[in-house]
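Below is one structure; the comments refer to it alone.
The values are calculated or read from the model by the stated rules, or taken from the named source; none is laboratory data. Just so it is clear, the model here is predicted, and its values are computed rather than measured. Because the Cβ atoms are built from the backbone with ideal geometry, glycine has one as well, and the counts that use them run over all protein chains shown.
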């Protein structure tokens with residue numbers, strides 16, 4: 001490697017699969033590392049494991065301090081002793097997705113197809129991956145932990161896509177699933193937003209055709225713009241108005257722009273300051289080529305397309321119990337998408353409950369303090385546990 | 001000037017005001033050129049003039065072939081002989097906004113404050129302008145045409161902001177106004193989207209601190225990303241789904257990416273191809289510093305803030321007739337914003353009608369084929385004309 005990348009890969013607990021994973025594109029990616037965290041204890045019967053699938057820019061650090069950012073785990077309010085996903089009762093697993101940048105094999109891993117220079121990274125030569133490929137890698141992890149059947153698979157947003165893919169690909173592998181704030185396919189609008197993010201990254205000269213590590217740089221400006229835009233889509237208009245409204249703050253130069261006191265670069269709105277912070281902090285923890293790879297996987301996601309265009313067909317005969325959750329002000333993965341999913345499950349005679357949580361917090365609501373949502377998660381898992389006779 | 005900018009200013013019909021315009025920021029910008037087009041004939045009584053205010057990236061070429069793009073005028077279906085804004089009856093005026101780049105004074109004009117080098121352009125030293133400043137310049141244009149009172153002021157989106165500012169600043173100057181697909185203030189979400197666009201431009205090294213003309217370049221990549229993102233906000237999710245769905249087309253390399261047939265840069269979705277085209281064609285007709293200047297003016301727009309936080313106060317005692325129009329699937333300037341405006345007008349005892357047009361076309365609906373909208377425009381103007389005894 002020519003340099004130490006500014007964003008360090010670090011040493012995350014992981015398991016290695018030398019045989020790799022056969023991908024949807026036909027390529028066998030080998031070896032494959034999957035980095036993961038666990039919480040709670042696996043029961044002697046190994047029947048209390050819950051797999052949590054993280055969202056696009058999430059990672060495996062669900063309920064502990066993040067080793068890179070020093071921030072609390074992203075779902076610490078949901079996962080822990082006595083929490084809705086109760087680690088006194090359940091054994092919780094979360095792995096960094098294939099294609100990610102927090103220890104699992106992805107574009108920032110060493111290239112292993114023998115076609116690059118020695119010690120070259122994958123970069124954009126990383127094979128295209130799908131949500132199903134991510135799930136295949138998770139399946140190997142779960143089996144490697146000695147678990148034949150999961151109690152449940154739970155996840156929001158892109159995590160919810162993985163949840164659905166689990167239910168379709170390995171229906172015998174779990175009792176229940178909770179797809180949250182997600183959809184059975186990525187919409188044209190979702191694809192459009194992802195594409196703008198990708199173009200922002202690719203437009204950054206520091207991206208260098210995807211080989212930025214060679215110059216010891218990262219496409220920080222492009223990645224920050226991508227993040228800023230995506231962040232808007234995670235919040236509702238109401239939430240932005242409530243949090244920021246039209247309040248202003250002094251600009252970077254104390255209210256004066258580069259051209260003096262009268263300038264179009266003077267004071268800025270608080271919402272701008274917030275977005276700039278979101279953008280700049282993101283580039284310190286996320287890899288630009290992972291951004292490209294994973295957004296592409298999301299865009300390709302379409303459960304029905306893999307079943308002759310019939311969403312219902314994907315679920316016919318399933319014994320899995322579904323709890324589909326949406327949030328009323330989520331416009332990225334709106335309730336209408338969840339309803340489409342729930343209806344298909346009903347037509348497939350699946351055991352499904354569908355809950356729309358009333359909130360003004362938008363898509364991000366699944367990460368935030370929403371007591372109704374907490375009760376839904378706790379209630380569903382307790383119900384399934386009782387029904388299954390889980391001790 | 002060190003170079004001919006790749007984007008030529010061109011020679012647009014205009015009027016010059018040597019005395020300039022006193023701006024909200026306290027600076028007097030002088031001289032000021034305002035480029036404009038007219039359609040139809042001014043009546044002997046000079047009582048049949050309609051001022052059309054264009055949207056953010058629009059211009060004065062309402063109903064004729066655009067001299068730069070060769071495309072038809074942006075509101076050709078609305079303005080012309082026998083059209084809803086009937087040029088057999090009305091004299092129609094539209095001017096390029098102050099801060100624009102189609103002939104009116106803006107960041108790409110020669111710097112006239114004596115502080116730059118000879119023949120230097122304004123660039124980011126262009127004074128910050130507001131929607132009211134744009135309207136002040138339009139007022140001078142209208143008076144220079146010998147018109148003491150307009151029949152109506154009409155405009156959509158940022159054009160609607162100007163319409164409202166006209167009604168508040170010069171209430172004696174018109175019989176009627178039609179603010180369309182607009183709001184009495186820019187919301188936190190609107191500001192957020194604008195800010196991402198600005199950051200995309202500023203992040204482009206070819207922006208060169210706003211002095212890109214010196215190097216004979218334009219920040220084409222950043223400007224294209226800004227345009228792509230903005231374009232998504234102009235369309236509804238339904239419109240994107242109807243137009244593109246999840247259909248794919250061959251990628252730039254005939255379905256093969258730079259890394260060969262198995263690549264994350266392979267085939268692309270049609271919606272991506274569409275957005276890329278929107279981005280690349282935009283940079284040929286729009287100036288990046290104008291983008292910064294005008295989006296800032298939009299962000300600052302807040303009618304209530306100029307009236308002690310009371311929107312109603314802005315309109316008390318007005319004799320102007322208002323027709324407020326919104327579109328049901330517009331999420332950038334949603335019906336709720338129009339309703340806020342209509343309620344304030346009602347409380348101010350103004351003469352107001354409020355029409356929400358049912359459509360799935362989103363914010364851009366005011367530019368597209370919407371028969372209900374055409375009927376609303378035609379009907380309102382005819383009603384006002386009849387009431388006023390216009391011949």
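Which is without any contact (Cβ under 8 Å) to a residue 12 or more places away in the chain and either within 24 Å of residue A:350 (Cα to Cα) or buried (at least 24 other Cβ atoms within 10 Å of the Cβ) (or both), of A:167, A:181, A:152, A:188? One residue alone meets the criteria, A:188. Go over the candidates A:176, A:167, A:152, A:188 one by one and state the one that is under 16 Å from residue A:324 (Cα atoms), modelled with pLDDT of 95 or more and in contact with a helix residue (DSSP H, G or I) (Cβ under 6 Å, 6 or more places away or on another chain). It is A:176. Would you check if there is a residue in the range B:34-56 being assigned to a loop (DSSP other than H, G, I, E, B), under 19 Å from the mean Cα position of the chain (by Cα) and without any contact (Cβ under 8 Å) to a residue 40 or more places away in the chain? No. Candidates in the range B:16-33 are the residues that are out of contact with any strand residue (DSSP E or B) (no Cβ under 6 Å at 6 or more places or on another chain) and touching a residue at least 24 places away in the same chain (Cβ under 8 Å); of these, the one that is nearest to residue B:306 (Cα to Cα) is B:24.
Do we have any residue at all in the range B:201-213 that's within 9 Å of another protein chain (Cβ to nearest Cβ), under 18 Å from residue A:198 (Cβ atoms), part of a helix (DSSP H, G or I) and at pLDDT 95 or above? Taking every residue of the range B:201-213 in turn, at least one turns out to be within 9 Å of another protein chain (Cβ to nearest Cβ), under 18 Å from residue A:198 (Cβ atoms), part of a helix (DSSP H, G or I) and at pLDDT 95 or above.
Look through the range A:240-258, keep the residues that are at the interface with chain B (Cβ under 9 Å from one of its Cβ atoms) and more than 17 Å from residue B:195 (Cα to Cα), and return whichever of them is modelled with the highest pLDDT. For the range A:240-258, the residue satisfying everything is A:242.
Restricted to the range B:67-80, and to residues there that are outside any strand (DSSP E or B) and in contact (Cβ under 8 Å) with a residue 40 or more places away in the chain, the residue that is surrounded by the fewest Cβ atoms within 10 Å (Cβ to Cβ) is B:69.
Taking the criterion of being under 21 Å from the mean Cα position of the chain (by Cα) and under 22 Å from residue B:154 (Cβ atoms), would at least one residue in the range B:287-297 satisfy it? Within the range B:287-297 (the criterion being under 21 Å from the mean Cα position of the chain (by Cα) and under 22 Å from residue B:154 (Cβ atoms)), the answer is yes, since at least one residue qualifies. Checking each residue in the range A:359-372 for being touching a residue at least 60 places away in the same chain (Cβ under 8 Å) and part of a helix (DSSP H, G or I) picks out A:363, A:364, A:365, A:366, A:367. Taking residue B:3, is it part of a loop (DSSP other than H, G, I, E, B) and modelled with pLDDT under 95? So residue B:3 passes the test. Return yes when residue A:380 is in a loop (DSSP other than H, G, I, E, B) and within 30 Å of residue A:72 (Cα to Cα) and no when it is not. No: the conditions fail for residue A:380.
Looking at the structure I just gave you, is residue B:311 surrounded by 17 or more Cβ atoms within 10 Å (Cβ to Cβ), outside the structural domain of residue B:239 (by TED's automatic domain parsing), over 20 Å from the mean Cα position of the chain (by Cα) and modelled with pLDDT of 95 or more? Criteria met by residue B:311. Hey, does the range B:202-209 have a residue that's surrounded by fewer than 19 Cβ atoms within 10 Å (Cβ to Cβ) and at positive phi? Yes: one or more hits. Sort out which residues of the range B:259-275 are more than 7 Å from chain A (Cβ to nearest Cβ), in a loop (DSSP other than H, G, I, E, B) and at pLDDT below 70, and write them in order of number. The one that is more than 7 Å from chain A (Cβ to nearest Cβ), in a loop (DSSP other than H, G, I, E, B) and at pLDDT below 70: B:261.
When B:281, B:336 are screened for being surrounded by fewer than 22 Cβ atoms within 10 Å (Cβ to Cβ), more than 14 Å from chain A (Cβ to nearest Cβ), out of contact with any strand residue (DSSP E or B) (no Cβ under 6 Å at 6 or more places or on another chain) and part of a helix (DSSP H, G or I), only B:281 passes.
Yes/no per residue for (1) modelled with pLDDT of 95 or more; (2) in the same structural domain as residue A:30 (by TED's automatic domain parsing); (3) not in a loop (DSSP other than H, G, I, E, B):
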| site | (1), (2), (3) |
| --- | --- |
| A:93 | yes, yes, yes |
| A:97 | yes, yes, no |
| A:103 | yes, yes, no |
| A:115 | no, yes, no |
| A:136 | yes, yes, yes |
| A:139 | yes, yes, yes |
| A:142 | yes, yes, yes |
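Residues in the range B:316-332 that are under 16 Å from residue B:304 (Cβ atoms) and in a loop (DSSP other than H, G, I, E, B) were compared, and the one that is nearest to the other protein chains (Cβ to nearest Cβ) is B:316. Which of the residues belonging to the range A:318-353 are in contact (Cβ under 8 Å) with a residue 40 or more places away in the chain and more than 30 Å from residue A:371 (Cβ to Cβ)? If the condition is that a residue be in contact (Cβ under 8 Å) with a residue 40 or more places away in the chain and more than 30 Å from residue A:371 (Cβ to Cβ), then A:318, A:319 are the ones that fit.
More than 10 Å from chain B (Cβ to nearest Cβ) and either touching a helix residue (DSSP H, G or I) at 6+ places or on another chain (Cβ under 9 Å) or surrounded by fewer than 24 Cβ atoms within 10 Å (Cβ to Cβ) (or both): is that true of residue A:293 in this structure? No: the conditions fail for residue A:293.
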